[in-house]
Every structure is written in structure tokens, then in C-alpha cells.
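Have a look at the structure below before the remarks.
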Amino acid sequence: MRFEQELLSRIREIQGNDGLISHARTFMLSTLRAKYSYSFSWLGRPIIQYPQDMVAMQELIWAVKPDLIIETGIAHGGSLIFSASMLTLLDVCEAVESGTVLDPAQTRRKVIGIDIEIRPHNREAIEKHPMNHRIEMVEGSSINPEVVAKVKEMAKGYERVLVFLDSNHTHDHVLAELEAYAPLVSKGSYCVVFDTIIEDMPEGSFPDRPWDK
């Protein structure tokens with residue numbers, strides 16, 4: 001409890017720390033240009049995330065303890081592997097607490113990943129990964145009605161659903177994803193929209209992306 005109280009106090013202090021906020025903005029602009037987030041991997045697969053975001057994702061997964069994670073955007077598969085490994089740790093912790101024997105290959109907890117294009121070499125690497133037994137991949141636009149319907153069917157029967165939206169970051173696409181997948185989020189869980197910081201980035205920050213200003 002003391003940690004949580006101290007954390008809330010630090011957050012309030014940071015909100016009023018103009019110097020820190022300015023430095024953070026400079027860091028973000030500089031690291032975007034340097035493609036800093038492309039520098040990391042998770043259990044052998046590239047993961048295009050900032051380390052502090054990965055820590056925050058871990059906190060949410062531990063708090064919610066989902067039995068299903070839905071992710072839009074696959075790329076190299078690092079985020080899928082990350083989520084699958086976190087679900088594995090949940091199973092391990094629950095087995096330790098209950099004193100039961102765990103077969104790691106037999107689990108109900110799953111990750112569904114959706115991408116408009118899953119490149120063959122990425123699909124092959126994901127399918128060969130030890131975490132693959134927890135992963136289902138759906139190829140197609142995340143806002144295509146047929147894809148949405150398929151994911152909704154796959155999500156039936158799950159009680160605690162967590163959603164990560166990290167594909168096309170244009171306003172219209174993200175709004176359509178929210179309308180499609182937010183209703184699947186279970187009570188007490190979250191729908192996380194990644195990279196909302198692009199709204200605060202200067203024009204030309206993403207020259208090769210449709211969400212550049």
C-alpha cells in the first residue's frame with residue numbers, strides 16, 4: 001500500500017514538473033528520429049516498443065490477469081510473444097499458489113494477433129517459437145467486418161479480455177478499431193491505444209506513414 005501511495009504522489013508531482021516534461025518531449029522527438037523503439041527484442045523476436053511501455057503492459061496484465069489478449073498489429077511478432085509469455089507467467093503463478101501440476105502446453109489463456117499483412121518470414125518465426133501454442137493469428141484489416149466477426153467468434157467464452165490497439169494510427173482507423181473491439185473488453189480490464197503521442201508530434205515526424213500530419 002505504501003508503494004501505491006508514493007506512486008500516486010510522484011505522479012502528481014510529475015504533472016507539475018515543467019522541466020521534466022520538456023526533457024521527456026525532447027527525448028521522445030530524438031528517439032523517434034533515431035528509431036530507438038526498434039532496438040529491442042522479447043524472447044528472440046523484435047518488439048517495436050519502448051521499454052517503459054513494456055513494463056506498463058506487464059503491470060496491466062498482472063492486474064487484470066486476462067485469459068485472452070487481443071492485439072492489432074503484429075509486425076515481427078515481438079508483442080505477441082511478450083503477451084504470450086506474460087500469460088504463461090500467470091499460469092505458473094496460479095499453479096504455484098494452488099499447488100497444482102502445470103502442463104505449460106495445455107492452457108486456455110490465448111493471444112489473438114491481427115494484421116493486414118503477416119509477412120511469411122515473420123509468420124514462420126512466430127509459429128516456430130515456443131510461445132506459439134498460445135497464439136492465434138488473423139490476417140486481414142483489423143476493421144474489415146469479416147475479420148472483426150471472426151475475432152468476436154474466437155473471443156466467445158473468455159471471461160477477462162484485454163485489448164491492445166497498435167496497427168494503423170490514423171484517426172479514422174483507430175476510431176473504427178475502438179468501435180469494433182472495445183465492446184469485447186471485460187469489466188475491470190482495459191483497451192489500450194498505443195502511440196497516441198503522434199497527436200503531439202510536429203509535422204513530418206512520420207513521413208513514410210499515413211498518420212503523418
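Observations, loosely collected:
- Residue count for segment 76-124 satisfying the condition of being buried (at least 20 other Cβ atoms within 10 Å of the Cβ), small (Gly, Ala, Ser) and closer than 26 Å to GLU153 by Cβ: 5.
- Conditions (1) surrounded by 13 or more Cβ atoms within 10 Å (Cβ to Cβ); (2) touching a strand residue (DSSP E or B) at 6+ places or on another chain (Cβ under 9 Å); number of the one not met by GLU127: (1)
- Some residue of segment 53-67 being assigned by TED's automatic domain parsing to the domain that holds VAL163 and among the polar types (S, T, N, Q): yes
- Residues satisfying the stated conditions in segment 99-121, i.e. among the hydroxyl-bearing types (Ser, Thr, Tyr) and either touching a strand residue (DSSP E or B) at 6+ places or on another chain (Cβ under 7 Å) or closer than 23 Å to LEU60 by Cβ (or both): THR107
- Qualifying residue in segment 183-203 (condition: aliphatic (A, V, I, L, M), closer than 14 Å to GLY73 by Cα, under 18 Å from the mean Cα position of the chain (by Cα) and surrounded by 19 or more Cβ atoms within 10 Å (Cβ to Cβ)): no
- Some residue of segment 116-126 being among the small types (Gly, Ala, Ser) and either within 18 Å of TYR181 (Cβ to Cβ) or in contact with a Phe, Trp or Tyr (Cβ under 7 Å, 6 or more places away or on another chain) (or both): no
- For segment 62-74, the set of residues classified as under 29 Å from LEU32 (Cβ atoms) and surrounded by 21 or more Cβ atoms within 10 Å (Cβ to Cβ) consists of ILE69, ILE70, GLU71, THR72, GLY73, ILE74, listed by residue number.
- Residues in segment 30-48 that are surrounded by 15 or more Cβ atoms within 10 Å (Cβ to Cβ) and in contact (Cβ under 8 Å) with a residue 60 or more places away in the chain were compared, and the one that is farthest from the chain's Cα centre (by Cα) is LEU32.
- For segment 186-209, taking the residues that are among the hydroxyl-bearing types (Ser, Thr, Tyr), assigned to a loop (DSSP other than H, G, I, E, B) and at pLDDT 80 or above, the one that is farthest from TRP62 (Cα to Cα) is identified as SER186.
- Check on SER167, in a loop (DSSP other than H, G, I, E, B), more than 26 Å from ARG25 (Cβ to Cβ) and of a type outside the set (A, V, I, L, M, F, W, C): no
The values are calculated or read from the model by the stated rules, or taken from the named source; none is laboratory data. Predicted model only: the values in this text are computed from it and were never measured. Glycine gets a Cβ as well: all are built from the backbone with ideal geometry, and neighbour counts include every protein chain shown.
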